[in-house]
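A.B. asks: Here it is: the structure, laid out below.
The values are calculated or read from the model by the stated rules, or taken from the named source; none is laboratory data. These figures come from a predicted structure and were not determined experimentally. So basically every Cβ, Gly included, is an ideal-geometry build from the backbone, and we count neighbours across all protein chains shown. With ligands, DNA and RNA removed, areas are computed over all heavy atoms of the protein, side chains included. Shrake-Rupley method; radii C 1.70, N 1.55, O 1.52, S 1.80 Å.
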Amino acid sequence: MMNDCPPEIPADVIPLTRDNIRSGKIREWVAKHDQHFTPMSDEDLAASRAAMFPPDGKPDGAVWVFGYGSLIWNPAFDFDEKRPATVYGVHRRFCLQTFLGRGSRERPGLMLALDRGGCCRGVVFRIAPEHVESELDVIWRREMVTSSYKPTWMTAMTPQGPVRAIGFAINRKHERYTGVLPEETVAETIAHASGFLGPCCEYLFNTVEHLDEIGMPDAGLTRLAKRVRAIRAQG
């Protein structure tokens, strides 16, 4: 993990770990610290998951999941294979405002989501059949704390061929969807925001670093990271 983010990390940072997700600690923190959002209930999460597998709501075999942001460098779920992958028809964008995980009410942050158009390079993870139920539960508890994302089936192109994978796209009807923001606004926001998961810039820098490591650099994110560092250097 790159260490050029702010020393002023909040004292109550909660690591985004498998245990903290499964135990409900993340969801409890959200419910306690922000009365504006109602976390999805266990019943809502189960229904959302089941809707991906008609007609009976149960997966039949292994399931692939597409990661384009923090899932790349901190999946927090068990998988038995991962591959570099590209999906078409969506692109990675900082378009989801956060007042909690990587921001606050005073200084909102921004998170990545998949928005319409273009393409996105990332990683697909294969969850073995015997672990699908437990690991999808972890993923849903992580990604679907609120309804800001829409789980969507996507075709991910990998070196070994296409796979059908679940990706988490932006819910354009959600109140925290920002649409397209000017790049300077995005950079200023990321440079200064921080929340219970840590600094917003850490999220950006880690994503850029790990995309570079797998040989799938994102020129736009790289340019954005350079601008964020420049803003931070200016104090």
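A.B. asks: Where the only charges are on Cβ atoms (+1 Lys, Arg; -1 Asp, Glu), what is the dipole of the stretch 31-154 about its Cα centre, to the nearest 20 debye? Spell out each step's value before the answer.
C.D. replies: Values: 16 positive and 16 negative charges, 163 e Å.
The dipole magnitude comes to about 780 debye.
A.B. asks: Let me spell out the model: positive unit charges on the Cβ of Lys and Arg, negative unit charges on the Cβ of Asp and Glu, origin at the Cα centre of the chain. What dipole size does that give, in debye rounded to 20?
C.D. replies: Values: 29 positive and 30 negative charges, 129 e Å.
The calculated dipole for the chain is roughly 620 debye.
A.B. asks: Over 27 Å between Cα atoms: which of Lys58/Lys150; Lys173/Lys226; Lys82/Lys150; Lys25/Lys226; Lys32/Lys58 fall into that group? Spell out each step's value before the answer.
C.D. replies: Working: Lys58/Lys150 19 Å; Lys173/Lys226 31 Å; Lys82/Lys150 22 Å; Lys25/Lys226 34 Å; Lys32/Lys58 33 Å.
In this structure, Lys173/Lys226; Lys25/Lys226; Lys32/Lys58 lie more than 27 Å apart at Cα.
A.B. asks: Right, something else. Just the accessible area for Thr189, please: 1.4 Å probe, Å², rounded to the nearest 10?
C.D. replies: Counting only protein heavy atoms, the figure is 40 Å².
A.B. asks: Provide the solvent-accessible area of Trp153, counting protein heavy atoms only and rolling a 1.4 Å probe, rounded to the nearest 10 Å².
C.D. replies: My reading of the accessible area for Trp153 is about 70 Å².
A.B. asks: Restricting the count to DSSP beta bridges whose residues both fall in the chain, what percent are antiparallel, rounded to a multiple of 5? Don't jump to the answer; show the numbers that get you there.
C.D. replies: Values: 36 of 39 bridges.
Restricted to the chain, the bridges split so that about 90 percent are antiparallel.
A.B. asks: At what distance in nm do the modelled label points of Lys173 and Thr185 sit from each other, each positioned 7 Å from its Cα along Cα→Cβ?
C.D. replies: 2.4 nm
A.B. asks: Right, next: With only alpha-carbon atoms counted, please give the Rg and Dmax of the chain, in Å.
C.D. replies: 17.1, 56
A.B. asks: Sticking with this structure for a sec: Quick one: net charge around Gly122, please, counting Lys, Arg +1 and Asp, Glu -1 for every other residue with C-beta under 11 Å from its C-beta. Please report the intermediate quantities before stating the final value.
C.D. replies: Working: positive: Lys82, Arg83, Arg92, Arg121; negative: Asp218.
Once positives and negatives cancel, what remains is +3.
A.B. asks: Does the stretch 67-161 come out rounded, prolate or oblate by the C-alpha gyration tensor, with a ≥ b ≥ c the root eigenvalues, rounded set by a/c under 1.5 and, if not, prolate when a/b is larger than b/c and oblate if not?
C.D. replies: Values: a/c = 2.19, a/b = 1.33, b/c = 1.65.
Cα axes put the stretch 67-161 in the oblate bin.
A.B. asks: Let me ask something else about it. Please give the Cα centre distance for the stretch 145-197 versus the stretch 89-122, rounded to the nearest Å.
C.D. replies: 4 Å
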